[in-house]
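Engineer: Here you go, one structure.
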Amino acid sequence: VGTEKINTDIVTLTRFLTEEQTKHKEATGDFTLLCHALQFSFKSIAYYIRRATLINLTGLAGSANVTGDDQKKLDVIGNDIFVAAMKSCAKVRMLVSEEEEEIIMFDDYPDAKYAVACDPIDGSSNLDAGVSVGTIFGIFRLAEGSKGTKEDLLLPGTSLVASGFTMYGASAQLVITMKGGNVNGFTLDNALGEFILTHPDMQMPKKRAIYSVNEGNSLYWEDPVKDYINTLKYPSEGEKPYSARYIGSMVADAYRTLLYGGIFAYPADKKSPKGKLRILYECAPMAMVFENAGGQAIDSHMKRMLEVVPEHIHDRSGIFLGSYDEVQKVIDVHKKYMQ
Ligand code: P6P
């Protein structure tokens, strides 16, 4: 080893969770144990995604999930890994997964205080192309006296106690935030099998000339959306147009937006009047991350995303997610149509 200083005081996710727990005197440790199960599922999913092509896990599994998408084998494995991890930690009462039509009740643990919503492999349609996919999760604390029915989980994002995502890219990147806290990024060290704190206290740039939307839907956009996007592409005299960046995998587009700034949008439109992305396990968890990093997240009615309450567990919403000033521009343009 050379003379360079070796950092021997590494903050792993495990250590971070312990330090977080000690900040709350009333903490029982249940949340910490839930998060350990969560991080195991990310490590396990990362392993399978890395090997997918090698052990021929790509391709169709021959069954369709609730949203009618063709289900890739990895979707099934990712879901099974996640369900097993959430069940075995004995701290979760119920689980909503994008891959499961019905809510999963863990009746072995009737007194468990947490409910989890997740999209085990979001963006999986891109898997075979080697595009980064991810797991998105939200952790809700059940209200005292909740009866253990799926209505308990029809909550606004403001009820989330933690949320985040893991992007399976060149390395597995975990981004996690807790209620009222900041946003921290961890990178999986495959040698140690530990998530290492690499992006402490992530703060978004207040603005950035990057927009991320599927322009292929512009035929279906409502007028305020067309008007807003045009202000980015055809700016007033002397201003430069925005750069377009769209991967088509929400976790990848969101992670870039979180790091570089800009805006990600999946508006509700004439083709998808309620939007495409799901409230409980895509929009709300992402909204909490972005707000805690200094950004904003709103729906297609310009309502704060974290205050949107789903009527059904797989309900969808339009979403604008990004730097504070960029989302403010969306609101300002829409205001002209609301008077
Ligand atoms: P479109 C992937 O299927 C996904 O659910 C999100 O990850 C992504 O942001 C969106 O759909 C992409 O949708 O219609 O642009 O292909």
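Engineer: Taking amide H positions as placed 1.01 Å from N in the peptide plane, with prolines and chain starts having none, which residues 5 or more places from residue 114, or on another chain, fall under 5 Å of its amide H?
Structural biologist: HN-HN under 5 Å from residue 114: 93, 142.
Engineer: Still on this structure, I have one more. Springs between alpha-carbon pairs under 10 angstrom, Gaussian network model over the chain: which of 41, 300, 88 fluctuates most?
Structural biologist: 88
Engineer: Follow-up question, since we're still on this one. In the chain, once you exclude exposed trypsin sites (Lys or Arg not before Pro) (DSSP loop, at most 10 other Cβ within 10 angstrom), what's the longest stretch remaining?
Structural biologist: Answer from the scan: 148-269.
Engineer: While we're on this one: If r is the Cβ-Cβ distance from residue 26 to residue 260 and R0 is 51 Å, what FRET efficiency results, to the nearest 0.05?
Structural biologist: After rounding, the FRET efficiency stands at 0.85.
Engineer: For segment 203-315, what class follows from the C-alpha gyration tensor (a ≥ b ≥ c being the square roots of its eigenvalues): rounded when a/c is under 1.5, otherwise prolate if a/b is larger than b/c, else oblate?
Structural biologist: oblate
Engineer: So which GluC sites (Glu not before Pro) in segment 179-272 pass both tests, a DSSP loop state and at most 10 other Cβ atoms within 10 Å of the Cβ?
Structural biologist: Passing sites in segment 179-272 are 237.
Engineer: Calculate one ³J(HN,Hα) per residue across segment 253-267 by plugging θ = phi - 60° into the Karplus curve 6.51 cos²θ - 1.76 cosθ + 1.60, and present them in order as whole Hz with x for glycine and proline.
Structural biologist: 5, 5, 5, 5, 5, 5, 6, 9, x, x, 9, 10, 9, 10, x
Engineer: Considering only 75, 152, 108, give the residue with the highest GNM mean-square fluctuation for the chain, with springs between Cα atoms whenever their separation is below 10 Å.
Structural biologist: 108
Engineer: Right, another one. For residue 4 and residue 234, compute 0.36 nm times the residue count separating them, minus their Cα-Cα distance, and round to one decimal in nm.
Structural biologist: Length difference between fully extended and current span is 77.8 nm.
Engineer: On a 19 Å Cα-Cα criterion, which of the cross-link pairs 274/329; 23/147; 87/150; 274/303 come out too long?
Structural biologist: Cα-Cα > 19 Å for 274/329; 23/147; rest within.
Engineer: Using Cα atoms only, what is the angle between the long axis of helix 73-88 and the major principal axis of the chain, expressed in degrees (0 to 90) to the nearest 10?
Structural biologist: It is inclined by approximately 50 degrees.
Engineer: On a 0 to 90 degree scale, rounded to 10, what angle separates helix 223-233 from the longest Cα axis of the chain?
Structural biologist: 90
Engineer: Related question: If you line up the long axis of helix 30-51 against the longest principal axis of the chain, both from Cα atoms, how many degrees apart are they, to the nearest 10?
Structural biologist: Tilt relative to the chain: about 70 degrees.
Engineer: Per-residue HN-Hα couplings for segment 102-118, Karplus 6.51 cos²θ - 1.76 cosθ + 1.60 at θ = phi - 60°, whole Hz, x for Gly and Pro?
Structural biologist: Running phi through 6.51 cos²θ - 1.76 cosθ + 1.60 with θ = phi - 60° gives 9, 5, 9, 9, 9, 6, 5, 10, x, 9, 4, 9, 10, 10, 10, 10, 8 Hz.
Engineer: Within segment 273-324, which GluC sites (Glu not before Pro) sit in a loop by DSSP and count at most 15 neighbouring Cβ atoms inside 10 Å?
Structural biologist: The qualifying sites are 311.
Engineer: Report, by chain and number, residues whose modeled amide H sits under 5 Å from the one on residue 172, excluding near sequence neighbours (fewer than 5 apart, same chain).
Structural biologist: Close amide H contacts, sequence-distant or interchain: 188.
Engineer: For a label point 7 Å from the Cα of residue 158 along Cα→C-beta, name the residues of segment 277-313 whose backbone N is under 12 Å from it.
Structural biologist: 304-309, by backbone N distance to the label point.
Engineer: For the chain, set up a GNM with springs between Cα atoms under 10 Å and report which of 248, 193, 138 has the largest fluctuation.
Structural biologist: 193
Engineer: Any chance you could run the full-extension gain for residue 182 through residue 146? It's 0.36 nm times the residue separation minus the Cα-Cα distance, nm to one decimal.
Structural biologist: Residue separation times 0.36 nm, minus the Cα-Cα distance, leaves 10.1 nm.
Engineer: Can you list the residues, at least 5 places off or on another chain, whose amide H is less than 5 Å from the amide H of residue 11, using H built in the peptide plane?
Structural biologist: When sequence neighbours closer than 5 places are left aside, the close amide H contacts are 197.
Engineer: Across segment 133-147, in residue order, what do the Karplus-derived ³J(HN,Hα) couplings come to in whole Hz, using 6.51 cos²θ - 1.76 cosθ + 1.60 with θ = phi - 60° and x for Gly and Pro?
Structural biologist: These are the phi-based 3J(HN,Hα) values: 10, x, 10, 10, 9, x, 10, 9, 8, 5, 5, 3, x, 5, 8 Hz.
Only the coordinates and a few stated rules stand behind these numbers; no lab work does. Here the structure is a predicted model, which means the values were calculated and not measured. Backbone-built Cβ (ideal geometry, glycine too); neighbour counts: all protein chains shown.
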